[in-house]
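Remarks on the structure that follows.
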Amino acid sequence: MNKLQYSFKYADKRIRRYFMGHGVLFHFIASILWIWALSLLAVLLMGVLISMTDGLAYTLDPTRVIPEKLTLKNYATAFKTIEYNDTSYFGMLFNSVWYSVGCTVCRLIATTLCAYVVAKYEFKGKKVLYTFIILQMMIPTYSAGVSNYVYLFNMGLVDTPLFLLGQFAGHGWYFLVMHSYFVGIDSTYKEAAEIDGANDFVIFGQIILPIAKAAVFAIAIMTFVGLWNDYNTPIIYLDSYPTLMSGLFRYKSITAYTLDLPIYFAGVILAALPTAILFTCFSGVLMQNLTIGGIKG
């Protein structure tokens with residue numbers, strides 16, 4: 001066996017040991033993730049079973065895992081009985097729709113435009129602006145809550161649908177995602193369009209935005225899901241317009257001693273269905289690489 005053959009054999013053994021060692025680590029981590037996922041699934045299944053349990057039967061035996069008889073009447077009852085601040089379940093559903101969709105559109109417009117300008121244009125103070133956006137992300141949300149509330153209150157945007165106007169903010173983690181995506185798009189597109197006489201709006205709307213539609217769509221889904229499940233912001237800023245999440249939270253608080261848990265869980269399951277369906281349908285889009293540019297090579 002010559003030196004070259006010995007080197008290949010030694011390298012082959014090292015490679016096998018490397019992958020065998022990492023295979024054990026991979027299976028260990030995968031096992032932990034499976035246990036975590038199954039625990040979450042168990043909690044979800046428990047909530048579904050409680051929502052399909054008769055209220056009297058649950059009161060008599062709340063520790064029973066599988067009820068003797070399953071019923072769907074709690075879901076119909078939830079629509080009729082759950083309310084907060086004279087707002088019915090349907091009213092809270094309507095508020096959730098306009099709040100989530102409106103804030104998503106406003107944030108998406110601001111984030112996309114801001115990220116595109118910072119990524120593709122040269123101007124004085126560009127680096128300072130980018131640094132400021134990064135530093136702003138380091139400030140804890142609750143630390144900035146008081147100043148943000150005072151600002152929106154003085155603008156007359158608290159407890160009114162005009163609160164959506166305060167959501168035109170082009171910063172945060174989604175800004176970094178869009179900024180990196182726009183940086184990865186080759187400038188050849190923009191230069192070719194400028195030669196043909198296209199203005200900035202045409203370049204962005206008809207060339208750059210279609211290229212970045214995968215990233216924009218993924219961010220829109222994640223933003224919508226986060227807003228739909230948000231209960232803290234509507235409680236603080238939109239008390240007269242309770243959403244499903246904030247309304248259910250307040251409903252549980254004010255009916256702590258008379259709360260019918262099966263009906264309450266039915267309302268929670270119904271409130272979670274839209275985002276669950278949305279995430280299931282578009283999970284592939286969310287897993288796509290958001291840093292793919294235009295021209296390669």
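Some observations on this one:
- If R0 equals 22 Å, the separation of the Cβ atoms of N154 and D239 corresponds to a calculated FRET efficiency of about 0.80.
- For the stretch 30-108, average projected area of the Cα convex hull in nm²: 8.9
- Entry for the stretch 148-278 at q = 0.11, 0.18 Å⁻¹: log10 I(q)/I(0) = -0.62, -1.07, Debye formula applied to identical alpha-carbon scatterers, no solvent contribution.
- Exposure proxy ranking, count of Cβ atoms within 10 Å, fewest first, for Y121, Y58, Y189: Y121, Y189, Y58
- P(r) for the chain, from all Cα pairs and a bin width of 5 Å, is 1, 4, 8, 10, 11, 11, 11, 10, 9, 8, 6, 4, 3, 2, 1, 1, 0, 0 %, short bins first.
- Under the span-like rule (Cα at least 24 Å along the axis, Kyte-Doolittle mean at least 0.5), DSSP H helices of the chain: 3-51, 89-120, 261-281
- Taking Cα centre as origin and charging only the Cβ of basic (Lys, Arg, +1) and acidic (Asp, Glu, -1) residues, the dipole magnitude of the chain rounds to 1460 debye.
- Treating r as the C-beta distance of W98 and F132 and R0 as 25 Å, the FRET efficiency rounds to 0.20.
- Fully extending the segment from D196 to W173, taken as 0.36 nm per residue of separation minus the present Cα-Cα distance, adds 4.8 nm.
- Of all stretches in the chain that contain no trypsin sites (Lys or Arg not before Pro) in a DSSP loop with at most 16 other Cβ atoms within 10 Å, the longest one is 125-295.
- Whichever aspartates and glutamates have a C-alpha closer than 16 Å to that of K120, once near sequence neighbours (fewer than 8 apart) are set aside: D186, E191, E194, D200
- Take the Kirkwood radius over Cα pairs of the stretch 26-158, plug it into Stokes-Einstein at 4 °C and 1.567 mPa s, and you get 62 µm²/s for translational diffusion.
- Part-to-part distance (alpha-carbon centres) for the stretch 64-127 and the stretch 145-195, which is given in Å: 18
- Label separation (L56 vs L41): 3.6 nm, computed from points 7 Å beyond Cα along the C-beta direction.
The numbers here are math on the coordinates, done by the rules we state, and not lab data. Values in this document were obtained by computation on a predicted structure and should not be read as measured data. When we count neighbours, we look across all protein chains shown, and the Cβ atoms used for this are built from the backbone with ideal geometry, even at glycine.
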